[in-house]
Each structure stands twice: as C-alpha cells, then as structure tokens.
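The structure appears below as structure tokens.
The values are calculated or read from the model by the stated rules, or taken from the named source; none is laboratory data. Worth saying up front: this structure is predicted, and the values here are computed from it rather than measured. Positions of Cβ are generated from backbone atoms using ideal geometry, with glycine treated the same way; all protein chains shown enter the neighbour counts. Accessible surface is based on the protein model in full, side chains and every heavy atom, while ligands, DNA and RNA are left aside. Shrake-Rupley method; radii C 1.70, N 1.55, O 1.52, S 1.80 Å.
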Amino acid sequence: MDAFSSSFPISAFPTQNLSPSSRPPPSTSHYNYAPIFNATSTSTSTSVRTTEEKPTGNTTTTTTTTQKNSNHPQSEQQRRRRPVLSKKSPIPPTSRTNINTPSIFSVSPPSLSAVILNAFDDVVNNFIDPPLRPSVDPRHVLSSNFAPIHDELPPTECEVIQGSLPSCLDGAYIRNGPNPQFLPRGPYHLFDGDGMLHAIRISKGKATLCSRFVKTYKYCMERDAGFPLLPNVFSGFNGLTASATRGALSAARIFTGQYNPTNGIGLANTSLALFGNRLYALGESDLPYSVRLTSNGDIQTLGRQGFDGKLFMSMTAHPKVDPDTGEAFAFRYGPMPPFLTYFRFDADGNKLPDVPIFSMLRPSFLHDFAITKKYAIFADIQIGMNPMEMIAGGSPVGTDPSKVPRLGIIPRYAKDESEIRWFDVPGFNIIHAINAWDEDDGDAVVMVAPNILSVEHTLERMELVHALVEKVRIDLKTGIVSRCPISASNLDFAVINQSYVGKKNKYVYAAVGDPMPKISGVVKLDVSRGDRQRVDCTVARRMYGQGCYGGEPFFVPRDRHHEEEEDDGFLVSFVHDERSGESNFLVMDAKSPKLDIVATVKLPRRVPYGFHGLFVSERDLESIS
C-alpha cells in the first residue's frame, strides 16, 4: 500500500509501475505479462479497443472503436499503452469514460530525452534488476482479483439481488486501494499502484457504483506523458545497483523537466478520512488529497491539501477523529530526524503546530497509532530501515530482530515531547491499531491491536504473516505492562463503532486472513472477555464461502444520532467470487450471532481487492466543502 510505500528511504522518489508504452515490442521483451490476467473471464476478444473522448461542458461523449493491426504510428502507440491481455482476461478492454481524463489521442510524441530514458528503463528492468522474487513479480502479485482495472467506471446502477438496503445506509461507502495506471514490466509490490476509489452510493434502497482514480499530481503527470516517470520504492530499490540506476533515472527525469517532486510524489492509495467538513484520500508518502462525491455518485478530486502551508511533506494514512470533539490527530514519520512528528487539527480542520518526537532514536515504520481521551500512543516496532538488507538485494525497509519494540505514550494535547514515556513491549509489532482507552482515572492505558508474530515476512512473504489480536495494558504509575491475547485466529484490518474511538469499547470486527492478503471472512470479538487468560473472544463469524474473498469490514450504526447498543448496526464490505469473476457489496447484521447477510448488491463489474474504506452519511456528504 502507499501505506508501505511511505516516506522511507529515497522518499523523494516513491514510485510507479512501468508502462506498456515504454515497453519494447513483445518479440523483444524479456518478460511477457499476459499471464497476469489468465484468470476466469467470459471475454474472448483479442482486438484492442480504443476510446476517443470529446468533452462537452461538464460531460464527456465517448466513442468506442475496434482498432485492428495497422502501421499507423498513432495506432501503434495506442496498442502499446494498453495492457497485454490474454484471451481469458478478467479485464476486458472496455471504453474509458473518465470526465477528468483527456483523450488518449492527445498524448504528445515523447521528447528525445524521454525516449532515451525509457530505453534506459527497459535495460534496468530487463537486465539489471528484473522482477525475480515472487513478492515483486507482477505476474504473481497482480494475479486473480489483485489485477488492476484500467478503465474508470462512471456512476452505474447496481442490482440488489438479496434482501434490502437499510435506510441508515443512505450515503456512500468508499474504499481506497492501489490500482496501477500502467501494467508493470519491472518489479512491482502489492503496495504500489495509483489510488483508486470505489464508491457505492446508496439512496432510498437503490445503489450506484463509481470507480475513479485519485487525480494526484503523479497520476496526472504520468497519464499525460503516457508512461511512468518514477519507479517504486519497495520494488524498485532492492540492491545497490538497482538503487543507483533507478535513482539516476529519476534524477534525470526531474532534471529534464518531466517531473517536479515539489508538487507531490504520493499515490493516495491507502485510506480515507473525514474531518473539518472535508473528505480526504490518504497515502502517507504525501499530503492528503481532497475529494468529494457529486449528487449522482461520481467522484471528484479537488486537489492536494497543504492546510494553508502548515502541513508539508506527508501525513499518516490513519488519522484518528475524536467523535465527541471533532478533532483529528495525526503524525508523519521519515528517515531523517525527527523520525516522528505528532500534530492535530481542530474541529474546523485547521492544523495546529507540530510536536517533534526526538526520543524516537532511529527511523521506524509507523503506519498507525491510537488515541485515548488523554493520550496518543505510538509503536516503535522492529520494522525500519535496513541498509544491510538493501545491499544484499533486499528492500530498503526491513526488520531488526535485535530491536525491542516499545510503546510511546504522550499527552494528546502536548506542546512538546517532554512528557512522552516509552515502555518496552517485547515481541509486540503492530501495523494497525484498533482502539485504546484510559482506565483508573488516567493512570492506566489499554490498547487493542493485531500483533504481527512473523514480522520478518511482512514485506516479502505476506502469506506467512500471522496477526494475533492482543490487549495491552500499561500502568502509568508502576510501569508494569500486561498483555492478553484475544483470539488465536489470523486477524487484521479491524474496525469498531466509530463513536467509541478513544473510549472503552466492547466489540471489534476483524478480517480473517486466509492467508493474508486474502480475506475469507469477518469475525466479531468481545474484547471485554479478554481480561481472562486463555479465552477466545470470538462471538460471531461470517465466512464468505469457497473462492470468495472480501476486504476490511466497516461498521455503520443503525442510528448514529441516538443512544444505542454498541453493536446495533451493520457491517459492509466488497466481496469477490474468484470462480465467477463477479463482485458484490455485502451488508451484514452486526448484532446477529452469525453476522447474517441482510442485503447483497451485485456490482456492475469486478472490484479489485484494496485496503481501507469509510462510510459517509448523506448528511455528511452534503456538508463536504
């Protein structure tokens, strides 16, 4: 995720996949990526379909043609821009209908410098650093429903095929995730890829689906160029030779004016957040991108948000919004001191001053954190910069097994780091936090989070990762840290009723890894039972069935304006059937013992697996500025 393609080493050059437009003809290419798409599909077309978009006011008229083999230079350029598709491709080359995307025929011929640098790109990817390891081989990484969708989908009506949509779901469920604009030829990691938002807009029991790229500066520059301009951090800088050649290539593109990194280098592919009456698409290698949904369910990117110049460099993809005060709490991290900087936004979305944390002694991977009513909690884990691993050909971000993980607790309204306290928690490596709260009048802090037991596999062998949800209690008077496992299952991407952020909650809804990154179901945990040793806190479970996999669930309360039981609401998620190639939107009853399905919406096309989502009520959608 952009979550992992963060501000770590070479953060000035977070990168993107290599485009078919810069690829040599198939007969001379070292790698054939058609097998990426050899999953189930009903498509048998081997022709290349192209689109010509003719903007008229705020709408776009799309003309679709079938283009046969031709020696026309423009036809050849078009064929090379489109993905290489097999006869059984799950991604039929449908027409492009993005109102914000210029005609593909308007792409100017590349400059001489671009041609030379693209040729150098080919040499690097085919001979110097080809994608040999499964974790960065796109034929492996982008298989099945991880394969990208190359055409945006305008608002399209969906069919409710089971049950009915509850009235409390009037609004939109929006999920973010990586979707590479260009098919990669060189190394590619699962966390790379341009951000794409999939929004299902619900009104009076009816639903529409819209899928749009987040129009980041990087996406737009590469779209207009017709090929990627910067490589990927996690898959592109493995080893000194690869780092030197791709670093030189990136510097050359910047020097020749093809890219200006000061305008943004991020992918915005990880999550979404709503605070200060604005909706943001987030990725922690850049500033937030403001987005909005139109009345008909379309998605618009409004622009990169610097909060009047007060926010620069980057921000976490997991800010925490206090449901009572409306404040948002956040941080950034990076490879240069201070390695961690904490900050917050008031209820109106105004950014307040930074609080640099210099007691973070070396760069650590901090993807998420937690807040209570009194504190903010950061995890200094065993994942961080690993130069020796990079020299040996591995990722610039790796693990240090000799490091003792620790938790840092700082007053959430701190103006400096003078009151932060660090507590050693051996073996506690968290990527995501679920929730935290105060106990004993603020003299103790409790945190619930999935602990990555096999942290060394986090980047390279995710199928070997096992996350054990734990409850950790820290007595701030005595310094005693106590821990208790909540479930033995492999769980991550967990959520709660958002009304309980920073407060003591009872229920957690977590995704079941089968193995990660595939998600085969969702469980409901009663964390109040975790005070007793050796007790599995699972109280409900819904498995999606053979060949069906989903994503992070999200909890929507039945009535967010009145007091209700914590679990009185619904879980929503996208689910894909790999046997039929179809995707659905599921609504489950969060109170029922088996998380019963109350509604199933058939989606008009496949929705790839992604990362984090958010439900925004109709009232909040109308207030977004």
The stretch 207-218, subset of a type in the set (Ser, Thr, Tyr) and either open to solvent by 10 Å² or more (accessible area, probe 1.4 Å) or modelled with pLDDT under 95 (or both), residue farthest from the chain's Cα centre (by Cα): THR208
Only one of LEU272, LEU249, LEU279 that is in contact (Cβ under 8 Å) with a residue 24 or more places away in the chain and either closer than 20 Å to TYR188 by Cβ or part of a helix (DSSP H, G or I) (or both): LEU249
Single unsatisfied condition, GLU470 versus (1) among the charged types (D, E, K, R); (2) part of a loop (DSSP other than H, G, I, E, B); (3) within 29 Å of LYS591 (Cβ to Cβ): (2)
Of all residues making up the stretch 350-404, the number that are basic (Lys, Arg), modelled with pLDDT of 95 or more and open to solvent by less than 30 Å² (accessible area, probe 1.4 Å): 1
Verdict on ASN277 being open to solvent by 60 Å² or more (accessible area, probe 1.4 Å), touching a strand residue (DSSP E or B) at 6+ places or on another chain (Cβ under 7 Å) and farther than 23 Å from ASN263 by Cα: no
Subset of the stretch 423-441 (residues that are more than 22 Å from ALA510 (Cα to Cα) and either surrounded by 21 or more Cβ atoms within 10 Å (Cβ to Cβ) or touching a Phe, Trp or Tyr at 6+ places or on another chain (Cβ under 9 Å) (or both)): VAL425, ASP438
Residue list for the stretch 311-342, restricted to those being part of a strand (DSSP E or B) and either without any contact (Cβ under 8 Å) to a residue 24 or more places away in the chain or touching a helix residue (DSSP H, G or I) at 6+ places or on another chain (Cβ under 8 Å) (or both): VAL321, ALA330, THR341
Check on SER499, buried (at least 16 other Cβ atoms within 10 Å of the Cβ), hydroxyl-bearing (Ser, Thr, Tyr) and modelled with pLDDT of 95 or more: yes
When residues of the stretch 464-474 are limited to those that are touching a residue at least 40 places away in the same chain (Cβ under 8 Å) and under 23 Å from TYR509 (Cβ atoms), the one surrounded by the most Cβ atoms within 10 Å (Cβ to Cβ): ALA467
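Quick grid of which residues meet (1) assigned to a strand (DSSP E or B); (2) under 29 Å from GLY551 (Cα atoms); (3) out of contact with any His (no Cβ under 6 Å at 6 or more places or on another chain); (4) open to solvent by 40 Å² or more (accessible area, probe 1.4 Å):
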| position | (1), (2), (3), (4) |
| --- | --- |
| GLU460 | no, yes, yes, yes |
| THR478 | no, no, yes, yes |
| SER482 | yes, no, yes, yes |
| PHE493 | yes, yes, yes, no |
Given (1) assigned to a strand (DSSP E or B); (2) at pLDDT below 95, number of the condition PRO450 does not satisfy: (2)
